[in-house]
1. Could you grab me the full set of residues in the stretch 98-120 that are modelled with pLDDT under 95 and in a helix (DSSP H, G or I)?
2. Test residue 88 against the stated conditions and say whether it is buried (at least 17 other Cβ atoms within 10 Å of the Cβ), within 23 Å of residue 15 (Cα to Cα) and within 13 Å of the chain's Cα centre (by Cα).
3. Go through the stretch 100-117 and report how many residues are within 14 Å of the chain's Cα centre (by Cα) and over 12 Å from residue 69 (Cβ atoms).
4. From 52, 10, 60, which residue is at pLDDT below 95, more than 24 Å from residue 94 (Cα to Cα) and either touching a strand residue (DSSP E or B) at 6+ places or on another chain (Cβ under 8 Å) or surrounded by 12 or more Cβ atoms within 10 Å (Cβ to Cβ) (or both)?
5. Quick check, is residue 112 in contact (Cβ under 8 Å) with a residue 24 or more places away in the chain, in contact with a helix residue (DSSP H, G or I) (Cβ under 9 Å, 6 or more places away or on another chain) and within 21 Å of residue 7 (Cα to Cα)?
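The values are calculated or read from the model by the stated rules, or taken from the named source; none is laboratory data. Note that the coordinates shown come from a computational prediction; the quantities given were computed from them, not determined experimentally. Here the Cβ positions follow ideal geometry from the backbone for every residue, glycine too, while neighbour counts run over all protein chains shown.
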């Protein structure tokens, strides 16, 4: 979770920021098919290393946990394209590394974007031909696009 982000619950789901809640509401209002925090990707498998204990003065085996990433939104687009959307107002350094690893593992049909506003999200959806069922004037009034 980034600086200044407030967690909240909306529609029975936990959100890391108000930006996420806004995007969720926008996609619902547009009646666009999407999943939220449902797909987990393994970025790095766990492994075992040898470590040294200064207390016991011995070498021992230590398990290092793997690294996973769960995208916020996955939106199907025409022609089998899958849009992976991460709503971020601010990116922490650790997330930047995780995002680079994740993008290196994308399948040819996947497109991943970090999005900073609902207006940008709408533009990405339009670029990829994802059609909502609400007119843009209503969206502009509701979401200040």
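1. Matches in the stretch 98-120: 118, 119, 120.
2. Yes.
3. 7
4. 10
5. no
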